[in-house]
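Student: The structure's right below; bear with me while I get my questions together.
The values are calculated or read from the model by the stated rules, or taken from the named source; none is laboratory data. All of these numbers come straight from a predicted model, not from anything done at the bench. Please note: Cβ atoms are built from the backbone with ideal geometry, for glycine as well, and neighbour counts cover all protein chains shown.
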Amino acid sequence: MSWNLGEDWSAFRPVFIEGDWWYDEDNNTIGYRLGDDAEEEWGDTTWEFPGPDKYPAIAAEVSPGWTAKGGEKAMHEALVAGDPHAIDLAAGQHPQYRNTADTLAGLLSLNTRRSYAGDLLDRAIASGFEPQDDQFVRTYLPGAGIVVPISPGVVVPLPLMRTAVALATAELHQAADEYARAIEVLEPVERTTHVTLSLTELFCDAGRYAEAIEATDGIVNTDDVSALTLAYRARAQSELGDTERAAETLTTVLERGQPSEEVISFAQIVKSTLDTAVP
């Protein structure tokens with residue numbers, strides 16, 4: 001598995017953009033849609049976020065002011081150089097940047113030093129660090145983000161925020177069959193639709209089917225993300241021997257809306273296991 005770390009993510013087909021989040025490109029700010037916000041007030045937006053391979057160039061566009069302290073200058077220099085190890089070392093000398101460094105060095109290492117990236121990102125997520133609130137990130141990486149492939153047909157572009165970092169880290173661990181570690185990364189993160197999908201898939205991969213069912217209680221098929229989440233719920237129900245409810249769940253996946261080919265294919269695979277189940 002690899003991440004699309006550039007600004008052109010059109011090669012990936014995002015089935016669904018995180019519908020409960022809004023993003024203000026002019027101010028580089030995000031927020032969560034309240035229940036009474038009308039859909040037409042914010043609508044669907046095609047978000048384009050330069051990924052980690054663009055971080056050095058973005059940072060190079062802004063120079064630290066003459067009043068900037070040594071830690072800020074050291075971090076900026078290491079980031080512009082695109083050197084994860086230098087970023088890590090800068091934080092060693094300036095501990096106030098530890099969480100910032102873990103996040104940035106980890107993301108810059110996703111496709112090169114995966115074990116190293118996983119260790120750094122795990123630590124950043126466990127600390128509760130929110131990049132969107134970090135002054136260094138806001139100053140030197142405006143508009144930055146990452147595109148994360150979550151499941152077949154579901155790719156989500158997000159600004160540089162804790163949810164995005166956690167999703168990317170979970171996918172990193174999942175690719176290494178480290179399911180428990182991936183679940184541990186996602187469990188403390190807010191349950192957005194994509195986090196719920198990723199967790200449900202991980203619970204199934206880990207054989208924790210009861211938890212997969214619990215995580216998907218109340219999910220309604222409104223889009224491809226929720227449809228795929230329900231398909232994993234059906235898989236969990238089938239694995240626990242509840243083929244009748246699994247079939248009912250798959251019916252909601254296949255007969256409502258217009259699911260993507262990827263969702264249909266996965267749902268049909270799950271359905272085939274029901275058709276061949278021994279009564």
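Student: With respect to T163, determine if the residue is of a type in the set (S, T, N, Q) and surrounded by fewer than 22 Cβ atoms within 10 Å (Cβ to Cβ).
Tutor: no
Student: Can you pull out every residue in segment 162-202 that is in contact with a Lys or Arg (Cβ under 8 Å, 6 or more places away or on another chain) and closer than 17 Å to G145 by Cα?
Tutor: Passing the criteria: only L172.
Student: Mind checking which residues of segment 138-156 are closer than 30 Å to L202 by Cα and either crowded, with 22+ Cβ neighbours inside 10 Å or of a type in the set (A, V, I, L, M) (or both)?
Tutor: A144, G145, I146, V147, V148, I150, S151, G153, V154, V155, V156
Student: A further question follows. So for segment 136-146 (the condition being of a type outside the set (A, V, I, L, M), closer than 28 Å to M75 by Cα and in a loop (DSSP other than H, G, I, E, B)), does at least one residue qualify?
Tutor: yes
Student: Limited to segment 127-160, what total is found for residues that are touching a residue at least 40 places away in the same chain (Cβ under 8 Å) and within 22 Å of A86 (Cα to Cα)?
Tutor: 10
Student: Then there's this: Which number in (1) in the same structural domain as Q258 (by TED's automatic domain parsing); (2) out of contact with any His (no Cβ under 9 Å at 6 or more places or on another chain); (3) not polar (S, T, N, Q) marks the one condition that V225 misses?
Tutor: Exception for V225: condition (2).
For (1) outside the structural domain of I183 (by TED's automatic domain parsing); (2) in a helix (DSSP H, G or I); (3) polar (S, T, N, Q), each residue gets a yes or a no:
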| site | (1), (2), (3) |
| --- | --- |
| G82 | no, no, no |
| A86 | no, yes, no |
| A90 | no, yes, no |
| T103 | no, yes, yes |
| G106 | no, yes, no |
| L110 | no, no, no |
| L120 | no, yes, no |
| G128 | no, no, no |
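Student: Return the residues of segment 76-122 that are closer than 19 Å to D177 by Cα and surrounded by fewer than 19 Cβ atoms within 10 Å (Cβ to Cβ); say none if nothing qualifies.
Tutor: N111, T112, R113, R114, S115, Y116, D119
Student: Still on this model: Just one of (1) touching a helix residue (DSSP H, G or I) at 6+ places or on another chain (Cβ under 7 Å); (2) surrounded by fewer than 21 Cβ atoms within 10 Å (Cβ to Cβ); (3) assigned to a helix (DSSP H, G or I); (4) among the charged types (D, E, K, R) trips up E190, so point out which.
Tutor: That leaves (3) as the condition not met.
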